[in-house]
Structures are given as C-alpha cells and as structure tokens.
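The values are calculated or read from the model by the stated rules, or taken from the named source; none is laboratory data. This is a predicted model, so every value here is computed, not measured. So basically every Cβ, Gly included, is an ideal-geometry build from the backbone, and we count neighbours across all protein chains shown.
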Amino acid sequence: MQVQRVVLNSRPGKNGVPVPENFRLEETTLPLDLKEGEVLVRTFYLSVDPYMRCRLNEDTGAEYLTPWGLSECVDGGGVGVVESSRCGALSEGDVVTSFNWSWQTHDVVKGSVLQKLDPQLVDGRLSYFLGAVGITGLTALLGIREKGHVTKGANQTMVVSGAAGACGSIAGQMNHGSHVILCGQISQYNKDVPYPPPLSEETQEVLRSKSITRERFMVLNYMEKTEAALLQLSQWVKSGQIKVLETVVSGIENMGVAFCSMMKGGNVGKQIIKLSE
C-alpha cells in the first residue's frame with residue numbers, strides 16, 4: 001500500500017522559530033501482511049500541540065519527551081479506524097486512538113498501543129477525542145481541580161492566559177462569574193530556557209509579598225483520575241455546557257503550516273488536521 005507521511009526534515013534550533021520546511025511530506029510503501037497482534041489503521045485526525053516544539057530539538061529538555069529523529073516519521077495524538085486486524089482485542093471498524101500516532105495516512109501498529117474509543121461519548125465528533133474529551137480537556141479540568149485552589153461559593157476570580165488556546169478555551173468555562181486561570185508557556189517554547197521558565201526578580205518579589213504560590217501541573221501524574229474526568233467532560237460537551245472550539249485544517253500536506261500557525265497563535269481552540277473520515 002502506498003501511503004503519505006510527514007518526516008522531520010530539519011531542526012529550527014533551540015532558539016529558532018519553526019518553519020514549515022522543518023517538515024517534509026513523502027510517500028512510502030506499507031506492508032499489508034499483518035503479524036499476530038498487529039492492525040492496519042487509517043488516520044482520521046491528527047493533533048498539533050505546543051509541546052511538539054520541544055521534540056524538534058535534539059534535547060527536549062523534558063524526561064518524558066523524546067526528540068523526533070531527522071528523516072523519521074513524526075508522531076503525536078491521533079484518531080483513526082481499524083481497517084484490518086490480527087489483534088484479538090480489536091476488530092475492523094473499531095475507532096481507536098494513541099498518544100504516539102504516526103503522521104501517516106495509514107499505518108501498521110501493534111494493537112496493544114491503541115485505545116478503543118466509544119464514538120457515542122462525543123456524538124460521533126471524533127476529533128473531540130484529541131481535544132475537549134481527550135488529553136487537552138483532562139489537562140484543563142484536572143489542572144483546575146488539582147492545582148487551581150478553587151473553593152465553591154468563594155466568589156473567586158480566575159484568569160486564563162491564552163484563553164483562545166486548546167486548554168485555555170476549556171478551562172475558562174467552569175460556571176457564571178468564574179474567570180481565568182494561568183496555564184501554559186507556549187510563548188517561551190522557542191527559547192533555550194529551562195521549564196518552567198525563570199521569573200524576573202520583580203515578579204518573584206510580587207509572589208513573595210502577596211503569598212502567591214506557583215506550582216507546576218502535569219496531567220500525566222493524575223492518570224488514575226482520567227476515566228471519571230473524561231466521562232464528566234463528555235457529559236458537559238453533550239449538554240452544551242462546554243463549547244468546543246477547533247481550528248481544522250484538511251490534508252496531511254498542511255501539517256507543517258498548521259504547526260507553525262499554532263505556534264504563532266493562529267488557532268482558536270484545538271488545532272486539528274483532518275486526513276479522512
């Protein structure tokens with residue numbers, strides 16, 4: 001089978017600004033003789049996210065992220081369908097997802113790396129599994145619950161910096177009278193600085209004088225709470241209590257352009273690439 005894929009063509013450098021030419025579209029041949037435990041998947045949607053900027057560097061600066069290899073297929077969150085299977089847990093027609101979905105139109109993968117999805121959770125809008133009812137929604141919901149110090153009835157004000165982004169557009173929708181919460185550092189990802197980026201002495205003094213805490217939140221540390229949280233997000237999306245914002249670009253050939261646009265704030269809500277449906 002002839003398939004299209006996106007590979008890493010070059011690196012922008014730690015202090016460089018990514019350009020579409022850092023990615024390259026190419027064709028390759030995919031063997032269809034599946035081995036035991038493997039499945040053939042067709043890609044529906046691919047996720048484009050700020051953390052991917054770190055993977056463009058030779059050193060990501062994060063122990064939980066590996067760099068993309070030059071001339072190797074890049075990967076990230078994806079949703080697709082099983083077209084054929086030699087995996088007992090998955091059947092033809094199953095909708096599946098993975099955090100490490102190759103940027104390819106089709107792929108042969110081990111069924112054990114895929115998670116089966118229930119399309120009814122998102123009323124058939126499968127791209128939502130990459131955003132509001134996926135890791136993005138979990139980051140927003142669990143970030144507020146675990147680190148937001150929100151107290152019911154306390155008449156608090158929340159501020160979201162980057163409220164038009166994937167997480168921020170969800171985090172800012174809790175109830176009437178609630179506002180924003182600070183989350184994300186996309187403006188710093190092109191700079192060679194540690195994460196979280198250091199604060200100026202003036203800012204640190206404000207935090208000290210006003211007893212403001214600054215804590216790092218990583219959703220991967222709360223995976224035991226994700227099942228219940230995803231069901232809650234699904235209910236809110238279905239009821240219309242959460243308004244889902246997406247910027248959808250069609251075509252695998254536009255992955256590089258979409259990534260660079262997202263890094264410059266060209267998206268509203270989750271940046272998604274649509275390959276098929």
Item to complete: With respect to Ala163, determine if the residue is at pLDDT below 75 and surrounded by 12 or more Cβ atoms within 10 Å (Cβ to Cβ).
Response: yes
Item to complete: Could you figure out which of (1) in contact with a helix residue (DSSP H, G or I) (Cβ under 8 Å, 6 or more places away or on another chain); (2) at pLDDT 85 or above; (3) buried (at least 23 other Cβ atoms within 10 Å of the Cβ) isn't true of Ser127?
Response: (1)
Practice prompt. Residues being loosely packed, with under 14 Cβ neighbours inside 10 Å, of a type in the set (S, T, N, Q) and within 20 Å of Leu138 (Cβ to Cβ): count how many of those fall in region 54-112.
Written response: 1
Fill in: Residue count, region 138-174 (criterion: out of contact with any Leu (no Cβ under 9 Å at 6 or more places or on another chain) and either in a helix (DSSP H, G or I) or not assigned by TED's automatic domain parsing to the domain that holds Ile212 (or both))
8
Worksheet item: Can you pull out the residues in region 198-247 that are under 22 Å from Gly124 (Cβ atoms), in contact with a Ser or Thr (Cβ under 7 Å, 6 or more places away or on another chain) and among the hydrophobic types (A, V, I, L, M, F, W, C)?
Response: Leu245
Worksheet item: Which numbered condition trips up Glu215, out of (1) closer than 22 Å to Gly165 by Cβ; (2) acidic (Asp, Glu); (3) in contact with a strand residue (DSSP E or B) (Cβ under 8 Å, 6 or more places away or on another chain)?
Response: (3)
